[in-house]
Amino acid sequence: MVTLEGEVFQSYVAGTLYDPDRIYWCKAWTGDCSVEGCATTATYRHDAGTIYLGEDAGKFSLFPNPNDGSFRLEVNRLFPDSEYEVLIVNTLGQVVKITKVRTENDLLRTDIELNGGTAGVYYLMLYQRGIRQRIEPFVVQP
């Protein structure tokens with residue numbers, strides 16, 4: 001069990017579906033929840049035995065957005081020295097690019113080039129061990 005100081009009702013039993021190689025997310029409620037803004041995102045990293053709250057819960061940056069088909073992807077708080085797969089999908093569901101990248105420590109940083117990508121909305125999908133971790137829309141402009 002991960003303990004958040006000052007909080008109650010913190011137990012979570014994952015059961016048979018628990019996978020120590022996955023990152024688990026939870027909502028941590030703070031303060032008076034009768035008003036907006038009492039929740040913060042928390043990430044529990046089993047491999048490091050660490051919990052990250054709020055701003056430290058992880059950054060996902062795809063920039064610039066919109067772009068001309070060239071952009072950078074940066075994601076932190078991932079599994080260290082692990083392989084991830086980046087898929088770019090158009091609005092018809094067609095995969096237009098697949099790239100495999102490795103994290104350095106817990107950071108994934110890669111430049112992506114959509115050669116011949118036409119203007120429109122695309123979706124970046126980040127996978128680790130075949131499990132989708134994130135979907136992020138972005139726009140390619142001429």
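One line per residue, one yes/no per condition, for (1) open to solvent by 60 Å² or more (accessible area, probe 1.4 Å); (2) modelled with pLDDT of 95 or more:
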position: GLU55; (1), (2): yes, no
position: PHE71; (1), (2): no, yes
position: SER82; (1), (2): no, no
position: ILE88; (1), (2): no, yes
position: GLN94; (1), (2): yes, no
position: LEU107; (1), (2): no, no
position: TYR127; (1), (2): no, no
position: PRO137; (1), (2): yes, no
position: GLN141; (1), (2): yes, no
- Among the residues of region 126-142, the number that are hydrophobic (A, V, I, L, M, F, W, C) and closer than 13 Å to LEU78 by Cα is 1
- Note on the structure: Those residues of region 96-105 that are more than 19 Å from LEU62 (Cβ to Cβ) and surrounded by 13 or more Cβ atoms within 10 Å (Cβ to Cβ) come to a total of 0
- Task: Check whether at least one residue in region 115-122 is within 14 Å of the chain's Cα centre (by Cα) and open to solvent by 80 Å² or more (accessible area, probe 1.4 Å), and report yes or no.
- Result: no
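The values are calculated or read from the model by the stated rules, or taken from the named source; none is laboratory data. The structure displayed is predicted, hence computed values, not measured ones. Virtual Cβ from ideal backbone geometry, glycine too; neighbours counted across all protein chains shown. What goes into the accessible areas is simple: the full protein's heavy atoms, side chains included, and nothing from ligands, DNA or RNA. Shrake-Rupley method; radii C 1.70, N 1.55, O 1.52, S 1.80 Å.
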